[in-house]
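Working notes, beginning with the structure itself.
Derivation of every value follows stated rules applied to the coordinates shown; laboratory data play no part. These numbers were taken from a predicted model, which means no experiment stands behind them. Neighbour counts run over all protein chains shown; Cβ positions are idealised from the backbone, glycine included.
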Amino acid sequence: MTLHDWPITDRPRERLHALGVEALSDAELLALFLGTGPRGSNAVAHAQALIQRCGGLRPLLDRGPRELTALPGIGAARAALIHGALALAQRHLQAELVRGEALTSPRQAGDYFRRWLRASPFERFAVLFLDNRHRVIAEGVLFEGSIDTATVHPRVVVQRALAVNAAAVVVGHNHPSGVAEPSAADRTLTHRLKEALALVEIRLLDHFVIGDGPAVSMAERGWV
């Protein structure tokens with residue numbers, strides 16, 4: 001049975017319009033981008049099979065375009081559509097934060113870093129530059145590394161902060177292993193960053209470590 005043979009109320013697109021995106025399962029959301037399964041088969045069942053084959057939705061979406069095309073039923077066009085949707089969502093998230101509104105809580109910044117960095121297969125170190133009212137004035141990934149480390153130079157963070165006239169910064173990096181527990185090296189880096197920024201009267205508000213679960217705030221642990 002294909003999706004066209006399903007009752008209208010059971011089809012992912014119609015369910016989305018009627019009930020909202022929250023009502024759809026991971027397989028149903030993915031099916032929206034697949035359109036059909038192999039040889040016109042059920043797209044939802046095909047999406048569920050792909051998710052199970054990859055060990056979950058995240059490992060599936062973490063695959064590059066070439067890796068996606070190696071999966072059954074996903075050609076170059078569908079791989080491009082899936083990656084384009086991910087990029088569009090990320091740009092929407094960035095535009096939502098970098099629009100002059102103040103950060104109102106540490107969790108807001110932590111959630112942003114989590115969505116920004118969690119899917120990266122390599123360690124990335126990112127910075128939000130804030131004015132004196134904690135409004136985001138610039139952001140960016142300043143350092144990238146391997147699957148388990150990235151070399152961070154505090155002077156580069158200071159130089160960029162001065163260039164955009166930031167009054168404060170919030171930093172974050174991901175652990176591709178999925179384990180968000182800060183390491184001893186993370187704590188040392190945080191201390192060095194705080195000292196370097198303080199020399200030019202710029203505050204380090206927090207350092208978030210990103211894994212599979214919620215972002216870990218080093219400020220909440222008293223390490224900033």
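Some points to look at:
- Calculated FRET value between Arg66 and Gln90, using beta carbons and R₀ = 25 Å, to 0.05: 0.80
- Value at 222 nm in deg cm²/dmol, rounded to 500, when DSSP H runs of n ≥ 4 in the chain each add -39,500 (n - 2.57): -13000 deg cm²/dmol
- Taking a ≥ b ≥ c as the square roots of the eigenvalues of the alpha-carbon gyration tensor, region 37-82 is classed oblate because a/c is 1.5 or more while a/b is no larger than b/c.
- The angle between the Cα long axis of helix 106-117 and the longest principal axis of the Cα atoms of the chain comes to about 60 degrees, rounded to the nearest 10.
- Here's the picture: a label point sits 7 Å out from the Cα of Ser41 along the beta-carbon direction, and within region 65-80 the residues with their amide nitrogen under 20 Å of it are 68-79.
- Modelled spin labels at Ala80 and Arg115, positioned 7 Å past Cα toward Cβ, are 2.7 nm from each other.
- Three-way shape call for region 133-211 based on the alpha-carbon gyration tensor, with the a/c threshold at 1.5: prolate
- Computed magnitude of the charge dipole of region 123-198 (debye, nearest 20; Cβ of K, R +1, Cβ of D, E -1): 320
- Highest to lowest packing among 214-224, 122-132, scored as the average C-beta count within 10 Å: 122-132, 214-224
- With an a/c value of 1.5 or above and a/b larger than b/c for the gyration tensor axes a ≥ b ≥ c computed over the alpha-carbon atoms, the chain is described as prolate.
- In Hz, Karplus ³J(HN,Hα) per residue of region 152-159 (6.51, -1.76, 1.60; θ = phi - 60°; x = Gly, Pro): 10, 10, x, 4, 5, 4, 4, 4
- If R0 is 25 Å, the Cβ-Cβ spacing of Glu195 and Val141 corresponds to a FRET efficiency of close to 0.65.
- Debye, to nearest 20: dipole size of the chain, +1 on Lys, Arg Cβ, -1 on Asp, Glu Cβ: 320
- Put simply, the amide H of Phe143, placed in the peptide plane, has neighbours under 5 Å in Phe125, leaving out anything fewer than 5 places away on its chain.
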